[in-house]
Amino acid sequence: MRMDRRTFTIGSLLAAGTMGLPVFAKAQQGKTIALLFDSLVSPFWVAGLDIMREKAKQNGWTVLENISNFDDNKQFEQVKAMIARKVDGILIIQTDSKAVIPAIRAANEAKIPMVHFNRPPAPNDGYSVAIQADNRKITQDTVKFLVDESKRLGGKYKACIMIGDLGDVNAIQRRDGFFDIVDQHKDTIDVVARVSTEWNADKAFAGLTNALQANPDINFLFASSDFMMPQLQQVLETFDKWHKRGEKDHVVFGSFDGDQNAYQALKDGYLDADGVQNLFLEVDMAFQAFEDMWAGKKPEKLLLDPGFVVTQTNLDQVREKMWGYTVWKKDHKEG
């Protein structure tokens, strides 16, 4: 995607200053930005880092990278180290929405723009910009497709939702988006199992196993993240429930993220719908936020990626926007 360049004027800079915005404006060539990740355990983060590196290179920017391994204190020290190196911007993926607040204040004091990627901070008195997928709306759209599919097929459905870590706002929003829809269709969908995974694949495996042992007639499944796909497939196969769309005993199945596992499951016909975080757009939004702040502007504190839903019907048309497809394509050396 093309990212429009922005310029600034002294007038706009002064106007920003009167609004209480830290003065960030600098020339926009030869920038150095810090990329501070809490981990690289998620394929989403790995793919995101690759896209950020490439986008920064295209912009003529230098990147400095650090990983905190889920240690909030370590990440705060990394922020202070980047401030000492006088970077032009800090992109951060924090583990805890409250623990990151001192880092925001430190960046504000140093007049260095900070962008939170995919996870907003808790409400605070500092200024920073967060880029986040519209988790609730994307989930609503995905589950609406699943419900419509169920009604098309006919009959009653016993549903299971795989819930993420409820300490993560993304997991909460996806859970809420699921119930926003199914609660309107209790005549068709009966939610018989709520599995807490805490974003742990082993817990997802055990939880779905227990749910199917207790409710062997489950035939509607929603996963709050695609990373669970290999474990969920294994469990469904064990219970003879891993069948393609149109086949007898197919479980109406939806998920969220847009990773390579979801692409493969859609391609093979097992997954009905996937809510996709538009990772390419989110990186563009994050980098544009830096450019705007460097130009003395003040973006909104929360910028939402509307995402999209991919199904077997539109897969060929939208897969190039699906970040997991780019990973899958590299793995399979296709095209």
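Under a Cβ-Cβ cut-off of 12 Å, what is the net charge of the residues other than D180 that fall near it, where Lys and Arg count +1 and Asp and Glu count -1? Counting the neighbours of D180, the net charge comes to +2.
Could you tell me whether the range 27-139 comes out rounded, prolate or oblate from its Cα gyration tensor? Rule is a ≥ b ≥ c as square roots of the eigenvalues, rounded for a/c under 1.5, then prolate if a/b exceeds b/c, otherwise oblate. It is rounded, given that a/c, with a ≥ b ≥ c, falls under 1.5. Here K158 is the anchor, and the lysines within straight C-alpha reach of less than 26 Å, apart from those fewer than 8 places off in the same chain, are K137, K144, K186, K203, K241, K244, K248, K267.
Contact order, relative form, for the chain: 19 percent (alpha carbon pairs under 8 Å, 6 or more residues apart, mean separation divided by residue count).
In terms of the Cα gyration tensor, with a ≥ b ≥ c the square roots of its eigenvalues, is the range 39-93 rounded because a/c is under 1.5, prolate because a/b exceeds b/c, or oblate? Oblate shape, in that a/c is at least 1.5 and b/c is the bigger or equal ratio. When only the Cβ of Lys, Arg, Asp and Glu is charged (+1, +1, -1, -1), the dipole of the chain relative to its Cα centre reaches about 960 debye. With contributions of -39500 (n - 2.57) from each DSSP H run of at least four residues, the per-residue ellipticity at 222 nm computed over the chain stands at -13500 deg cm²/dmol. Principal-axis analysis of the Cα atoms of the chain puts helix 229-238 at an angle of about 10° to the longest axis. Axis angle, to the nearest 10 degrees, between helix 279-294 and the longest C-alpha principal axis of the chain: 20 degrees. With K and R counted +1 and D and E -1, the other residues having a Cβ less than 11 Å from that of I67 yield a net charge of -2. Using a Förster radius of 51 Å, what is the FRET efficiency between K98 and K267 based on their Cβ-Cβ separation? Nearest 0.05, please. Once the sixth-power term is evaluated, E becomes 0.80. For Q213 paired with K74, estimate the spin-label separation in nm (one decimal), with each label point 7 Å from Cα along the Cα-to-Cβ line. Those two pseudo-labels are separated by 3.6 nm. Only protein heavy atoms count here; under a 1.4 Å probe, S39 has an accessible surface of about 0 Å². In summary, the aspartates and glutamates within cross-link reach of K330, defined as a Cα separation below 16 angstrom excluding same-chain residues under 8 places away, comprise D50, E54, D259, E320.
With a Förster radius of 41 Å applied to the beta-carbon distance between V192 and E300, the computed FRET efficiency rounds to 0.55.
Protein heavy-atom accessible surface, 1.4 Å probe, per residue over the chain: 44 Å². In straight-distance terms, cross-link reach from K111 covers every one of the lysines whose alpha-carbon lies under 20 Å from its own, apart from those fewer than eight places away in the same chain; here that gives K26, K31, K80, K86, K297, K298, K301.
Suppose we take every Cα in the chain and form the convex hull; what volume per residue is that in Å³?
Expressed per residue, the convex hull around the Cα atoms of the chain is 135 Å³.
Build a GNM of the chain with springs between Cα atoms under 10 Å apart, and of K267, K57, K321 the one that fluctuates most is K57. Neighbours of H250, meaning other residues whose beta-carbon lies under 9 angstrom from its beta-carbon, give a summed charge of +1 when Lys and Arg score +1 and Asp and Glu score -1.
Any idea what the relative contact order of the range 168-237 is, in percent, if you count C-alpha pairs under 8 Å spaced at least 6 apart?
Dividing the mean separation by the residue count of the range 168-237 yields 31 percent.
Between D305, D249, D292, the residue with the greatest mean-square fluctuation in the GNM of the chain (Cα pairs under 10 Å linked by springs) is D249. Only protein atoms count toward the accessible area here, which uses a 1.4 Å probe; on the chain, the carbon and sulfur part of that area reaches 50 percent. Take the alpha carbon gyration tensor of the range 163-233, find the square roots of its eigenvalues, order them as a ≥ b ≥ c, and report rounded if a/c is under 1.5; if not, report prolate when a/b exceeds b/c, else oblate. Here the range 163-233 falls in the oblate category.
Given the C-alpha centroids of the range 98-177 and the range 272-335, what is the distance between them in whole angstrom? So the separation of the two Cα centres works out to 15 Å. Across the range 240-281, the residues whose backbone nitrogen lies under 13 Å from the label position 7 Å along the beta-carbon direction of K137 are 278. Gain on full extension, evaluated as 0.36 nm per residue between L153 and K330 minus their Cα-Cα distance, stands at 60.1 nm.
The values are calculated or read from the model by the stated rules, or taken from the named source; none is laboratory data. Bear in mind the structure is a predicted one, so any value in this text is a computation, not a measurement. All Cβ positions, even for glycine, are placed from backbone atoms using ideal geometry, and neighbour counts span all protein chains on display. Only protein heavy atoms, including side chains, enter the accessible area calculation; ligands, DNA and RNA are left aside. Shrake-Rupley method; radii C 1.70, N 1.55, O 1.52, S 1.80 Å.
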